[in-house]
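Enquirer: Next up is a structure, given as structure tokens.
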Amino acid sequence: MVIDVRKCNAEGKYTGTLDFEFEGDESLIDIPFVTFASPVHAVLDYEIYEDNSVEVKGELSFTLKGACSRCLKETEQRILYEAEAFFVPRGAKAEEEDYTYRNGIVDLDEFLRDTVLFALPSALFCAEGCSAPEYNEE
């Protein structure tokens, strides 16, 4: 998904909303026996400023499915994550956390990948307070 800054500027369209889905990268999941149960849904608002920097804010949502990290029961978890990024033209003064773009095209792929990675939990649980079955040692 991209934002064509030059085209938006030419049309006088400095704000907008992007609403789309994409397949989550399974290699980002570091939880055994867990996968994406749905595509990642993104709803992002953007604003282009006078210096051609672009602010993107919104929400990503997706569902994970797999074995509970404690009891191994099959489960699903819906993830909602607030996303925000700032893009500046390559060569412009950028902060460390800013993304850069070139040729007037803001490519959101790296930002989306990073956001999904940050949104992923470290474990998947079937219920809050789930505890693994007790084993009797005899």
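Enquirer: Which residue out of Cys130, Cys68 is within 17 Å of Ile31 (Cα to Cα), out of contact with any helix residue (DSSP H, G or I) (no Cβ under 6 Å at 6 or more places or on another chain) and crowded, with 16+ Cβ neighbours inside 10 Å? Spell out the reasoning first.
Expert: Working: Cys130 fails: crowded, with 16+ Cβ neighbours inside 10 Å.
Within the list Cys130, Cys68, the selection yields Cys68.
Enquirer: Among (1) out of contact with any Ser or Thr (no Cβ under 7 Å at 6 or more places or on another chain); (2) of a type in the set (A, V, I, L, M, F, W, C); (3) farther than 19 Å from Val34 by Cβ, which single condition is Cys130 missing?
Expert: So the condition that Cys130 fails would be (3).
Enquirer: Grab the strands (runs of 3 or more DSSP E) fully contained in segment 1-115, keeping just those with 1 or more residues being aliphatic (A, V, I, L, M), closer than 28 Å to Ser131 by Cβ and touching a residue at least 40 places away in the same chain (Cβ under 8 Å). Let's see the steps before the verdict.
Expert: On the way: elements: 2-4, 15-22, 34-36, 40-48, 54-67, 74-89, 99-101, 105-107.
Result: 34-36, 54-67, 74-89.
Enquirer: Give me a count of the residues in segment 96-120 that are out of contact with any Leu (no Cβ under 8 Å at 6 or more places or on another chain) and modelled with pLDDT of 90 or more.
Expert: Here the count works out to 15.
Enquirer: Here is a further query. Looking only at segment 13-65, which residues are closer than 15 Å to Val2 by Cα, among the hydroxyl-bearing types (Ser, Thr, Tyr) and surrounded by 14 or more Cβ atoms within 10 Å (Cβ to Cβ)?
Expert: Tyr14, Tyr46, Ser53
Enquirer: Right, next: Quick one: in segment 72-107, of everything that is of a type in the set (Asp, Glu) and farther than 27 Å from Phe33 by Cβ, which residue is surrounded by the fewest Cβ atoms within 10 Å (Cβ to Cβ)? Break it down into steps so the answer makes sense when it comes.
Expert: Here is the first cut: in segment 72-107, the residues of a type in the set (Asp, Glu) are 74, 76, 82, 84, 95-98, 107.
Subset that is farther than 27 Å from Phe33 by Cβ: 82, 84, 95-98, 107.
On the way: Glu82: 10, Glu84: 12, Glu95: 7, Glu96: 4, Glu97: 8, Asp98: 13, Asp107: 15.
Restricting to residues being of a type in the set (Asp, Glu) and farther than 27 Å from Phe33 by Cβ, the top hit is Glu96.
The values are calculated or read from the model by the stated rules, or taken from the named source; none is laboratory data. Being a predicted model, the structure only gives us computed values, none of them experimental. All Cβ positions, even for glycine, are placed from backbone atoms using ideal geometry, and neighbour counts span all protein chains on display.
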